[in-house]
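The values are calculated or read from the model by the stated rules, or taken from the named source; none is laboratory data. Source: prediction; values computed, not measured. Cβ placement follows ideal geometry from the backbone for every residue including glycine, while neighbour counts extend to all protein chains displayed. We work out accessible area using only protein heavy atoms, side chains counted, and drop any ligands, DNA or RNA first. Shrake-Rupley method; radii C 1.70, N 1.55, O 1.52, S 1.80 Å.
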Amino acid sequence: MSPATNIPAASASGHAGIAEEIPILDDPVTPEGYLSPEGLGSLEWTLIVAGAILLAGLIAWWLVMRKKPTDPPPTAAEKALAEISDLETYKPSLKECALKLSLILRRYISGNTADPALYETHQEFNLRVDSLSSLPSSLQDYTRQLLDYMAALKYEANTPQDDAIAQQIINDTKKLIGDIERASEPDDPAAMNPKEHTRNHAR
């Protein structure tokens, strides 16, 4: 048996090669390590402040809108009188004025008393026995006379008095709506006097 031979020691170059193959792990980096030494930058602070101001503004707006009282919707009379004011400013011809006033008045009657006058022709309206029965009794005849007069004006020839007549039926319609409103109020001491509406609508 031959004597044991000595195993040659690894060369220095071999050790160096193994060391190069082993990866070197860095120390773990905490989240704070990604921040600049001074903390948040100016851009980050600007965004935070802007967001806080926007949030505060939204909260303030919500509180104001929540406490703001809502206006009640306009009544049928208010709508009718506003339409008449627009018509008065517009100054249409007498025929157009009579047509639109009739529509405004019938729309008001329909909305205020649930009368179907708006959805009927003038002939159907006159033939209906209970037409305007929901209005105060002292105003029924005058309302019918005014609507009849407006219907007749649509077929009349033009005259120099047309502007004055148009203004008169505008005034009569506004007064009638006001009288209906007052007469419809419960326990109103200023009840409508039927004699106030005896105007003869004639050209």
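Observations, loosely collected:
- Within the assembled protein chains, the solvent-accessible surface assigned to S138 is about 30 Å², based on a 1.4 Å probe.
- Between E120 and any residue 5 or more places off or on another chain, the built amide H atoms are never under 5 Å apart.
- Projecting the Cα atoms of I59, L99, L87 onto the dipole axis of the range 58-111, where Lys and Arg carry +1 and Asp and Glu carry -1 at the beta carbon, places I59 farthest toward the positive end.
- Unit Cα scatterers, Debye sum, the range 55-185: log10 I(q)/I(0) for q = 0.10, 0.12, 0.17, 0.19 Å⁻¹: -0.41, -0.52, -0.87, -1.06
- Using the average count of surrounding beta-carbon atoms within 10 Å as a protection proxy, the listed peptides 81-93, 153-165, 42-54, 172-184 rank, highest first, as 172-184, 81-93, 153-165, 42-54.
- The three principal axes of the C-alpha atoms in the range 123-167 carry coordinate ranges of 37, 21, 9 Å, sorted with the longest axis first.
- Label point distance in nm, S110-S133, each placed 7 Å from Cα along Cα→Cβ: 2.0 nm
- Efficiency of FRET from Cβ geometry, L54 and R182, R₀ 45 Å, rounded to 0.05: 0.30
- Per residue, the accessible area of the range 57-180 comes to 59 Å², computed with a 1.4 Å probe over protein heavy atoms only.
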